[in-house]
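Read the structure below first, then the notes.
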Amino acid sequence: MFLGAGSAATGIADLMTAAFVEAGLDPEAARQRLWFVDVNGLVVKARTDLLAHNRPYAHDHPPMGFVDAIDAIRPHVLIGATGAPGTFTPAVVERMCAVNDRPVIFALSNPTSKAECTAEQAYAWSGGRAIFASGSPFAPVTYQGRTLRPAQGNNAYVFPGIGLGAIACRARTLPDEVFLAAARALARLVRPRDLEQGALYPPMKEIRKISLAIATAVATACYDRKIARRPRPADVRGSIVTMMYRP
């Protein structure tokens, strides 16, 4: 469930739809798994104030407010893209905990002052159960003797690698499938010890290794889809290594 129904949230949903379709769903079934709440409540077909980008995600459902929608829809993941601080209240986190053993709370608005809630709040209000990520950095949080390291869910992780991979193969275009390849490459770099610390992303200090892995995945995806203008090298990763600037 998304809180916020603007271009940022819809862009995330569109890419998630592409991922669901690649996994075997048709587009309509994929969109049925994604719900939006905006300033006027749950995005449903009965509303007359929806914009064009909202309508594909409008469902046949009674209108209702945000907290009631959590009870009715029982979402596994809550994604904030509002630019409005404090919109993930204790009641919101508690409702997410009531319908999930490990509620996923993504407060993606940035800068930090605009986050829907802080990492400390998410952990405290969920009794340490929340899986948290934010658009801007938060310091590690100690909760009941355990140190949790919230990680940033934003483009800082992928854009350097996407740009490098696109330049390396001279990509003609970058369709959604290429961004999915980048996301999967990043996910493969998450280690058990990262998850044990409550982080869904590897440490940012490893960005060079991360960028190389993503660039390799992006270039490979472009070669596979025949949208690269440079001939495919025998060693895609090795050729990208030679292009990386080393200060």
| field | All positions within the stretch 156-205 that are closer than 30 Å to G127 by Cα and among the acidic types (D, E) | value | D194, E196
| Whichever residue in the stretch 196-247 is under 30 Å from A130 (Cβ atoms) and of a type in the set (S, T, Y) and, among such residues, is surrounded by the most Cβ atoms within 10 Å (Cβ to Cβ) | S211
| What number of residues in the stretch 184-195 are among the hydrophobic types (A, V, I, L, M, F, W, C), over 30 Å from T142 (Cβ atoms) and surrounded by fewer than 18 Cβ atoms within 10 Å (Cβ to Cβ)? | 0
| R191 passes all but one of (1) modelled with pLDDT under 95; (2) assigned by TED's automatic domain parsing to the domain that holds T89; which number fails? | (2)
| request: For the stretch 40-64, name all the residues that are closer than 23 Å to L15 by Cα and in a loop (DSSP other than H, G, I, E, B). | output: V43, K45, L50, L51, A52, H53, N54, A58, D60
| task | Look at the stretch 142-182 and say how many of its residues are in contact (Cβ under 8 Å) with a residue 60 or more places away in the chain and either assigned to a helix (DSSP H, G or I) or under 25 Å from P203 (Cα atoms) (or both). | result | 9
| Hey, any hits in the stretch 79-100 for a residue that's more than 22 Å from A9 (Cα to Cα), of a type in the set (V, I, T) and without any contact (Cβ under 8 Å) to a residue 12 or more places away in the chain? | no
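The values are calculated or read from the model by the stated rules, or taken from the named source; none is laboratory data. Bear in mind that the values here come from a model prediction, so they are computed numbers and not experimental data. With ideal geometry, Cβ positions are generated from the backbone for all residues, glycine too; neighbour counts draw on all protein chains shown.
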